[in-house]
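The values are calculated or read from the model by the stated rules, or taken from the named source; none is laboratory data. Nothing here was measured: the structure is a model prediction, and the numbers come from that model. So basically every Cβ, Gly included, is an ideal-geometry build from the backbone, and we count neighbours across all protein chains shown. In case anyone asks, the SASA skips ligands and DNA or RNA and just uses the protein heavy atoms, side chains included. Shrake-Rupley method; radii C 1.70, N 1.55, O 1.52, S 1.80 Å.
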Amino acid sequence: MAPPAAALSSLSNALATVEQLSSSSSSIDGVAPDLEASIRFAGAQLTQAAGILLRLSQDIIAQAIVTFTRFWAGPEGGSLRIYSVKDVSAAALYMTAKLSFEPTSPRSVLNVYALLLSKEASPLWFVNPRRQDPTDKPAPAPETYYLSEGDYQTQRQVLFRIESVILRTLGFNTHVVLPHTVALTYLQTLGVSTPALANRVFEHLNAGLLSPQLLYLTHQPNALAVAAIYLAAREVNVKLVDSEWWEVFDVDREQLGFLVVGMKSMEGFARAEKVKWETRTVPLVVEDVDAEIERRRMMEEGG
Amino acid sequence: MSLERASNGHSRFHGCCSIREFEFLGKLGEGTFGEVYRAKAKKDNSIVALKKILMHNEKDGFPITALREIKLLKLLSHPNILQLKEMAVERGKGEGRKKPTMYMVFPYMEHDLSGLLENPIVHLTEPQIKCYMLQLLEGLRYLHGNCILHRDMKAANLLINNQGILQIADFGLARPYDEPPPQRGKGGGEAKRDYTTLVVTRWYRPPELLLQLRRYTTAIDMWGVGCVFGEMFKGKPILAGNSDLNQAQLIFNLVGTPTEENMPGWTSLPGCEGVKNFGQKPGNLSGVFNELNSTAVSLLGELLRLDWRKRINAMDALRHPYFSTPPLPARPGELPRFDDSHELDRKRFRGQRAAMPPAPAGGSVGIANGEWSTNSGATALADYRQSRIPGAARTASSLGHAIREISSRQGSENRFSNEAHLVRERQELEERNESLKSRHRESGLPPKPPPPIHQPWGLGSSGRLDYDERHERSSQTRLDNRWEGNIDSYVPKYNSMGDHSRDKEDEQSHLRMSRYERKAENPRQMAGRDYHRDHASRRRSRSPHHQEGNRTAAYRR
């Protein structure tokens with residue numbers, strides 16, 4: 001029998017199986033892989049932004065993004081043609097906050113999403129591409145992001161319904177362990193815990209949440225922490241011990257290499273996404289996903 | 001090996017299984033907490049208990065207490081902890097978009113300890129008692145070693161199957177513990193933060209909780225073990241107080257009144273219902289348990305120690321000489337088998353007449369006697385409530401209650417009931433012209449104490465807990481004039497962001513609704529809710545402070 005600590009799995013996450021990584025419900029439903037990646041990326045950022053506006057701690061926001069990401073994985077997961085990304089994002093955040101020490105009310109959540117999804121008022125580039133230079137524009141009228149009482153009532157029901165769907169889809173596996181605290185411990189162990197380095201480590205860990213390679217679904221927290229430290233140390237020119245120190249933290253060279261490449265590629269991926277969707281909005285509801293797929297089909301046929 | 005784990009031992013996530021993978025064998029129990037069914041899993045023919053999760057009040061979506069319990073149970077894996085095998089979903093049938101129903105799937109356990117002890121033909125031998133105690137302590141050592149407080153230790157929450165395996169159930173009140181796990185020879189250690197004192201069913205509630213210690217430790221569960229240990233010898237709960245104050249008095253009669261020697265620091269605790277003077281009595285543990293040998297009394301004394309810092313912890317108790325002196329503990333497989341005691345099996349006993357359960361001598365639990373109040377200020381409101389809650393105080397603890405009903409419906413059920421419920425159940429029984437099983441023995445048992453205040457799901461939403469907690473805090477404030485942000489933030493509190501009048505209305509409509517929805521209420525909860533409503537605006541103005549406290553807690557985790 002496994003020792004209690006391991007059995008309690010307080011330091012490890014449920015990971016996606018090979019099958020869950022090789023195919024998704026969305027791809028079965030005809031969503032192209034690049035489109036799926038774009039939508040998931042936007043959805044994760046939407047969750048992050050909403051969490052900040054709700055003044056939730058990054059701990060909770062990050063857990064919500066992992067739950068959000070898990071939801072779409074695998075042929076048994078959620079499909080972008082059945083569930084709207086915006087709803088899953090809101091429900092994941094609401095549910096994670098509810099389970100935490102910082103619960104937030106449905107109304108707060110829905111108010112925040114009303115703002116973030118407003119085509120006129122949203123500060124998000126993938127929702128409101130025109131508002132990227134807000135300096136010379138007047139502030140958006142409150143009407144453009146006002147949540148009416150009727151909408152609130154309707155959307156609250158949607159929120160609860162999707163919450164149940166997420167729980168069901170994940171088999172109630174709401175447990176998410178983050179690598180952040182482990183990373184700090186490792187930095188101390190390595191004797192290099194400077195604020196600059198720790199900061200860069202966290203940046204990589206938080207960016208990794210948005211990775212199209214689903215790093216948080218493929219690797220345990222200790223591996224994510226080690227990779228972030230490895231990469232960050234190089235970037236801020238902190239010298240680590242010469243030996244293969246990652247072995248101490250149960251990470252092998254192959255894992256480390258994969259993760260470092262994955263984390264390093266995030267910046268390029270994010271830039272490319274911004275260019276790709278420069279003039280259009282990323283579809284965050286089922287109807288828009290359908291329309292985008294239809295648009296692509298027409299382009300292909302016409303092209 | 002849990003279904004949540006892949007062959008390499010790593011956990012994985014996947015959806016719920018369908019309820020169609022189970023063949024229903026019949027209903028095991030029903031109550032305010034929901035319904036429990038016995039079923040056969042088609043994939044491996046194993047017998048399981050299916051517990052339906054009620055979705056009464058949807059103000060906050062999926063019930064937070066259920067969510068927490070499921071999350072915790074999924075992390076636990078130990079032979080002496082009831083295992084949540086998986087979650088099953090039943091999709092709405094037919095047209096319309098009926099919401100799917102969720103079930104928790106547990107292995108089927110034939111008994112609970114409470115029901116077993118009520119069976120007059122069951123007399124536990126000392127080797128049996130030692131066997132069950134070892135298993136209980138192993139389970140608790142695992143829980144405490146992993147920094148989890150159970151907070152509802154009692155015989156009814158200990159399930160036993162016919163293989164002699166004992167498992168701890170009902171994690172509806174459990175929570176992570178923010179201190180280091182107990183160390184050998186150091187009892188439960190010290191806690192550095194506050195937790196809510198409204199936990200643990202009264203008869204099993206330790207003296208420090210009755211005296212309102214908020215920085216309690218894993219030692220609170222060990223007190224419950226002591227109560228269960230004694231109960232196994234006596235065949236009935238050993239400290240059956242009819243109020244919190246009475247509970248404290250019974251305890252002090254048994255083990256002596258608190259002094260600075262046997263319970264250092266007790267005078268600085270708020271006290272029990274404001275009472276801080278309990279006279280001077282020496283206690284009479286060895287007299288009351290004169291049938292026990294000296295090592296048994298020694299262990300009992302270690303478990304029922306007033307000083308929570310010195311109360312023995314699970315790992316030390318496992319090494320107590322009691323378990324290594326003859327008669328040695330039986331092995332689980334050697335224990336005798338007993339017939340299942342849930343209502344399905346009653347048919348087999350048809351024609352076998354047994355005494356009907358008499359109404360509890362003390363009248364109904366809770367409201368009629370005004371016994372619920374531990375906190376000052378609640379009583380007036382509760383009196384006001386009294387006229388408005390028909391058949392009030394039947395409360396149910398969550399999972400334990402559910403599963404307990406599986407194993408011994410009649411016994412425990414009645415013990416938990418109030419008069420009204422008893423009458424109803426008796427009528428039911430008479431109508432069916434079925435006798436209770438001969439084992440059913442109710443005589444002499446006082447009414448069941450109200451279970452802890454934080455009622456898990458089946459009874460309600462986090463909002464409701466919210467009210468209790470708030471009420472509790474306010475009472476606490478009155479008691480000791482302090483208000484800390486960092487009290488037990490395990491119970492959700494909304495921050496004030498985005499709240500406006502509508503939320504208040506929501507809360508009020510929720511109050512109205514819940515009155516109808518809940519057949520039975522714990523009066524303290526009702527009182528707490530009203531308090532909350534009256535002071536909603538005040539709460540809001542405090543919110544930032546709360547949030548700050550909560551944040552600290554979250555970071556500390």
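At-a-glance table
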| read-out | value |
| --- | --- |
| Long-range HN-HN contacts of B:Leu149 with modeled amide H, under 5 Å | B:Arg175, B:Tyr177 |
| Global form of segment B:70-148, assessed from the alpha-carbon gyration tensor, a/c cut-off 1.5 | oblate |
| Inter-label distance, nm, simple model (7 Å from Cα along the C-beta direction), A:Val18/B:Arg331 | 4.1 nm |
| Ordering of A:27-37, B:240-250 by packing [mean C-beta count within 10 Å, highest first] | B:240-250, A:27-37 |
| List A:Arg55, B:Arg311, ordered by accessible area with a 1.4 Å probe, largest first | A:Arg55, B:Arg311 |
| Average other protein chain Cβ within 10 Å of Cβ, residues A:105-117 | 3 |
| Which listed pairs, of B:Lys43/B:Lys130; A:Lys119/A:Lys274; B:Lys42/B:Lys74, have C-alpha distances above 26 Å, in listed order | B:Lys43/B:Lys130 |
| ³J(HN,Hα), Karplus 6.51/-1.76/1.60, whole Hz, each residue of segment A:110-120, x for Gly, Pro | 5, 4, 5, 5, 4, 5, 5, 9, 6, 5, 9 |
| GNM result for chain A, Cα springs below 10 Å: residue of A:Lys264, A:Lys239, A:Lys276 fluctuating most strongly | A:Lys239 |
| Förster-model FRET efficiency, 35 Å R0, B:Arg91 and A:Ala291, C-beta, rounded to 0.05 | 0.75 |
| Cβ-derived FRET efficiency at R0 30 Å, A:Leu11 paired with B:Ser46, nearest 0.05 | 0.45 |
| Semi-axis lengths, Å, segment B:192-239, gyration tensor of Cα atoms, sqrt of 5 times eigenvalues | 23, 10, 7 |
| Gyration tensor over alpha-carbon atoms, segment A:138-295, equivalent ellipsoid semi-axes in Å | 38, 20, 17 |
| Rounded Å value of the spacing that divides the Cα centres of segment A:189-216 and segment A:279-301 | 34 Å |
| Average partner coverage of A:191-202, which counts Cβ from other chains inside 10 Å | 0 |
| Length released on extending from A:Thr181 to A:Arg280, taking residue separation times 0.36 nm less the Cα-Cα span | 31.8 nm |
| Computed log₁₀ I(q)/I(0) - Debye formula, equal Cα scatterers, no solvent, segment A:180-269, q 0.22 Å⁻¹ | -1.06 |
| Shielding score for A:14-26, defined as the mean number of other chain Cβ atoms within 10 Å | 2 |
| Rg and Dmax [Cα atoms of chain A; Å; Rg one decimal, Dmax integer] | 20.0, 65 |
| Lys/Arg +1, Asp/Glu -1 at C-beta; chain A dipole; positive extreme among A:Ile229, A:Phe172, A:Leu53 | A:Leu53 |
| Compactness index (Cα Rg / 2.2 N^0.38 Å), segment A:24-176 | 1.03 |
| Radius of gyration, Dmax [segment B:111-334; alpha carbons; angstrom] | 16.4, 49 |
| Compactness of segment B:118-182, expressed as Rg and Dmax over alpha-carbon positions, Å | 13.5, 44 |
| Derived scalar couplings ³J(HN,Hα) [segment B:160-166; Karplus, 6.51 cos²θ - 1.76 cosθ + 1.60; whole Hz; x for Gly, Pro] | 9, 9, 6, 8, x, 8, 9 |
| Note, ³J(HN,Hα) from phi for segment B:248-260, Karplus 6.51, -1.76, 1.60, rounded to Hz, x at Gly and Pro | 4, 5, 4, 4, 5, 5, 6, 10, x, 6, x, 9, 5 |
